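These notes concern the structure reproduced below.
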Amino acid sequence: MELIVLGAAAGGGLPQWNCAGGQSSQVWNKTRLPQSQASVAIGNERTGYVIINASPDLRQQILQTPQLHPKPNHPDGVRNTPIAAVIVTNADVDNVAGLLNLREKQRFSIYGPTKVLEILQENSIFAVLDPEFVTQRPLETTETISPIPGVEIELFTVAGKAPLYLEDSLGIQSGDLGFTSGIEIRTAASKTLVISSCAQIDQKLRERIETADHLLFDGTVFEDDEMPQLGLGEKTGRRMGHLPISGTDGPIVQLAHCNLKTKRFFHINNSNPIWDEQSLAHRTIRDAGWDICHDGLVFEI
Ligand code: MLT
Ligand code: MN
């Protein structure tokens, strides 16, 4: 079974379309490769694939990933796909907008927390996913599903908050409202956790991570206030529901004792200096046993 990082960057991507600062500038001047918005595929040629979060870059990610292409001479006909299911972990734009690329009367399933699927159902643009072909199935945190053979998947609640675009209508600012989840993926060989949003590492989460083999963890910002510092906006990482990597309550300190086979940051914002291999921040995460994801990274799970 393989895990393919389809996109390693946080919302906005690297570079962000309207940004010439932060790490984006190096991509515009062609000294750094672009990175698309966070998404992961798991599976293999025989089982098909499950996509975790449908980023706005999904069409480009499919183009770049031969494993996800439709096949000639397929029993279903010329319209076919190896994508069997999409799991959405929250309703942020960078996690759901890509679903719109998957219209055109193709059978697949969408799984996600009840609250997230309700947000999709309330927004009529997602009606392009014809329910006759696309089943939407709420996933409880107590439940294990096997959307493709040989893979068991479980959702778990992570501290976080509702998408920024719903803050006003829901009248919320922060706090755990059950809008954000992580994913545990179990195969015969390993246990992998994918957590693209996390506002707090509590004892329960720490214990779950301690028993995993591979971890993809929220790497949105290195310093809480790096966006304001770089003139990229007013919001801090914490304000957006993301723990800064370098904080004493952040992943480097809180997960230092966890002996995983791999620990990688993903959902990395274009403000984050860990993109730059020459930076102190990058050296800090490497010295702490972490690495960063990049588009197209593949590993066995
Ligand atoms: C986040 O991860 O906090 C969001 O993607 C931010 C956003 O919606 O711009
Ligand atoms: Mn995001």
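The values are calculated or read from the model by the stated rules, or taken from the named source; none is laboratory data. Everything numeric here is computed off the predicted structure, so don't read it as measured data. Heads up, the Cβs are rebuilt from the backbone with ideal geometry, glycines too, and the neighbour counts pull from every protein chain shown.
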Per the filter on the stretch 150-168, residues in contact with a strand residue (DSSP E or B) (Cβ under 7 Å, 6 or more places away or on another chain) and hydrophobic (A, V, I, L, M, F, W, C) are V151, I153, L155, F156, V158
Flagged in the stretch 126-142 as of a type in the set (S, T, N, Q) and either at pLDDT below 95 or closer than 16 Å to N53 by Cβ (or both), in numbering order, are Q136, T141, T142
Scanning the stretch 58-85 residue by residue, those within 12 Å of G48 (Cβ to Cβ) and in contact with a strand residue (DSSP E or B) (Cβ under 8 Å, 6 or more places away or on another chain) turn out to be Q67, L68, T81, P82, I83, A84, A85
Might you let me know whether the stretch 259-273 holds any residue that is without any contact (Cβ under 8 Å) to a residue 60 or more places away in the chain, part of a loop (DSSP other than H, G, I, E, B) and buried (at least 16 other Cβ atoms within 10 Å of the Cβ)?
yes
Picked from the stretch 92-128 (must be more than 24 Å from P70 (Cβ to Cβ) and hydroxyl-bearing (S, T, Y)), the residue farthest from the chain's Cα centre (by Cα) is S124
| task | Can you confirm whether the stretch 20-37 contains a residue that is of a type in the set (A, V, I, L, M), more than 12 Å from F266 (Cβ to Cβ), touching a residue at least 40 places away in the same chain (Cβ under 8 Å) and out of contact with any His (no Cβ under 7 Å at 6 or more places or on another chain)? | result | yes
Filtering the stretch 131-142 down to residues that are surrounded by 12 or more Cβ atoms within 10 Å (Cβ to Cβ) and either aromatic (F, W, Y) or without any contact (Cβ under 8 Å) to a residue 40 or more places away in the chain (or both) yields F133, V134, T135, Q136, R137, P138
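Here's the yes/no breakdown for (1) out of contact with any Gly (no Cβ under 9 Å at 6 or more places or on another chain); (2) at pLDDT 95 or above; (3) within 21 Å of L155 (Cα to Cα):
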site	(1), (2), (3)
A189	yes, yes, yes
I195	no, yes, yes
T211	yes, yes, yes
L215	yes, yes, yes
T220	no, yes, yes
E223	no, yes, no
G241	no, no, yes
G250	yes, yes, no
K261	yes, yes, no
Of the candidates S246, S197, S190, the one satisfying the condition of being in contact (Cβ under 8 Å) with a residue 60 or more places away in the chain and away from ligand 1 (no atom under 13 Å from the Cβ) is S190
Matching residues in the stretch 126-139 (closer than 22 Å to G43 by Cβ and either within 16 Å of ligand 1 (Cβ to nearest atom) or not in a strand (DSSP E or B) (or both)) number 3
TODO: Please indicate, with yes or no, whether at least one residue in the stretch 108-122 is of a type in the set (V, I, T) and within 16 Å of ligand 2 (Cβ to nearest atom).
DONE: yes
Of the residues in the stretch 252-282, those that are within 19 Å of R208 (Cβ to Cβ) and within 16 Å of ligand 2 (Cβ to nearest atom) number 3
